[in-house]
Structure formats: structure tokens, C-alpha cells
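Read the structure below first, then the notes.
The values are calculated or read from the model by the stated rules, or taken from the named source; none is laboratory data. Not measured: the values here are computed from a predicted model. For neighbour counting, all protein chains shown are included, and Cβ atoms are generated from backbone atoms with ideal geometry for every residue, glycine included. Protein only, heavy atoms only, side chains kept; ligands, DNA and RNA dropped before computing areas. Shrake-Rupley method; radii C 1.70, N 1.55, O 1.52, S 1.80 Å.
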Amino acid sequence: PQRPDPHSYGCAKSLAERLLAISAQRLGVGYAVVRPTCIYGPGQHTHNAIPTFLRSLLEGRAPVVFGTGRDIRDDVFAPDLAYAMIEACLRRVTGAFHAGGERSRNILDTAEVCCDAVAKLTGNPRLSPVLDPSRPPKWWLDQVFDAQRTRTQLDYVPTPLLDGLIAEARWLQAGALPSASLEFCPPPRLGAR
């Protein structure tokens with residue numbers, strides 16, 4: 001659960017996990033929960049921060065970061081999340097697993113990597129993000145997750161943020177059709193098997 005949690009989202013998720021654990025124990029079965037961090041990638045809702053940053057850059061404008069830019073987030077590439085969910089089922093692991101990115105970053109750093117991705121993709125000069133302290137960031141930022149258990153038990157190797165952002169920028173360039181999102185998703189990076 002997040003504090004403050006005005007929408008009770010985290011509390012509801014925590015309660016659902018606890019009820020699942022109780023039910024699994026009573027039935028004598030295993031269970032696994034994969035907790036995604038901030039999901040991004042081709043197919044993402046285009047009004048979220050990352051696609052907004054990328055779209056601005058593709059249009060030749062610097063991305064705008066609300067607040068101080070120091071709020072922490074952890075972005076997971078959608079194909080990596082799918083890999084973690086599939087592996088949790090196939091390996092019949094039990095318990096909770098965080099599916100996150102290669103590391104947590106502040107939102108300004110994330111916008112900087114978006115700038116790198118679009119410059120690399122297009123060959124255009126690299127722009128830099130602009131801070132807008134007059135607008136507050138989302139209430140749910142400042143989250144850090146420990147994915148060590150996911151890495152070791154599921155051989156989870158997150159896609160580098162730069163690579164995932166290039167894939168999403170290519171999808172945005174091509175028209176951002178949800179039905180075409182899989183065409184822009186590289187296969188997951190596999191750990192030691």
C-alpha cells in the first residue's frame with residue numbers, strides 16, 4: 001500500500017494478495033503474484049508520461065517534466081512483464097515477485113533517456129527536458145522496488161530502458177496502433193537457463 005493512497009489502489013491490491021495467500025493455503029495449492037511497476041512499451045496508453053515525452057520529442061519539442069523531476073519511478077517494459085508472468089506460471093513458484101526495469105530512476109532521468117532514444121532513432125539533434133515546477137507530479141510517484149527475487153528465481157533480465165524506449169518511439173512513429181504493438185516488441189532478454 002502507498003501512503004498517502006487517496007484511491008485505495010495499493011490497499012486493494014494488498015488485500016487481494018492476502019486473500020489469495022489464505023485461499024491457496026486452505027486449498028493446499030501454490031500461488032504467485034507478479035507485481036508490475038510502471039508499465040511502458042508499444043501499446044501503452046498514449047497520455048502517460050513516457051509516450052507524452054516521446055511524442056513531444058518526435059514532434060521536435062522538448063519534453064516537459066512536472067514538479068522538481070526528482071520523483072522516483074521504476075519502468076518495466078511490457079514484454080519483460082509478460083516474461084515474468086509466464087515464467088512464474090511455468091516454474092510454479094510461490095509468493096510475490098516484482099517485475100521492474102533495470103533500475104529505478106527519477107522522472108527527469110527518465111525524460112533524459114527518452115531524449116537519448118529519440119535522438120538515436122531519428123538522428124536529429126538531442127533535446128533536453130524542461131522542468132515545470134508549477135504543475136505537481138502524479139501522486140503515485142516515488143516508488144522503488146526490489147526485483148532481486150524475480151531476477152534469481154525467474155532468470156529475469158530487464159530490457160535496458162533505452163532499448164525499450166526506442167521500441168516504443170518506433171511504434172509511436174508508425175501511428176501508435178494498439179493492434180500493431182507486438183510488431184515493435186523485441187523478444188525478452190533471457191537469463192541463464
| field | Test: residue in the range 182-191 that is touching a helix residue (DSSP H, G or I) at 6+ places or on another chain (Cβ under 9 Å), part of a loop (DSSP other than H, G, I, E, B), of a type in the set (Gly, Ala, Ser) and surrounded by fewer than 19 Cβ atoms within 10 Å (Cβ to Cβ) | value | yes
| request: For Arg18, indicate whether it is more than 17 Å from the chain's Cα centre (by Cα), part of a helix (DSSP H, G or I) and touching a residue at least 60 places away in the same chain (Cβ under 8 Å). | output: no
| request: Might you let me know whether the range 57-64 holds any residue that is surrounded by 20 or more Cβ atoms within 10 Å (Cβ to Cβ) and part of a strand (DSSP E or B)? | output: no
| Given the conditions (1) out of contact with any strand residue (DSSP E or B) (no Cβ under 9 Å at 6 or more places or on another chain); (2) farther than 22 Å from Arg70 by Cβ; (3) among the polar types (S, T, N, Q); (4) outside any helix (DSSP H, G or I), which single one is not true for Ser128? | (2)
| remark: Exactly one of Ala111, Ala84, Ala99, Ala88 is surrounded by 23 or more Cβ atoms within 10 Å (Cβ to Cβ), of a type outside the set (D, E, K, R) and farther than 20 Å from Leu161 by Cβ, and that one is Ala88
| message | What pairs come out if I take residues in the range 151-179 that are open to solvent by less than 50 Å² (accessible area, probe 1.4 Å) and pair them with residues that are part of a loop (DSSP other than H, G, I, E, B) and of a type in the set (Asp, Glu) whose C-beta lies under 6 Å away, six or more apart or interchain? | response | Pro158/Glu102; Pro160/Glu102
| task | Tell me, please, whether a residue that is among the aliphatic types (A, V, I, L, M), open to solvent by less than 60 Å² (accessible area, probe 1.4 Å) and in a helix (DSSP H, G or I) can be found in the range 43-53. | result | yes
| Among the listed residues Gln143, Gln148, which satisfies the condition of being open to solvent by less than 50 Å² (accessible area, probe 1.4 Å) and within 19 Å of Leu81 (Cβ to Cβ)? | Gln143
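Working only within the range 114-139, note down all residues that are of a type in the set (S, T, N, Q), within 16 Å of Glu59 (Cβ to Cβ) and surrounded by fewer than 13 Cβ atoms within 10 Å (Cβ to Cβ).
Residues satisfying the conditions are Asn124, Ser128.
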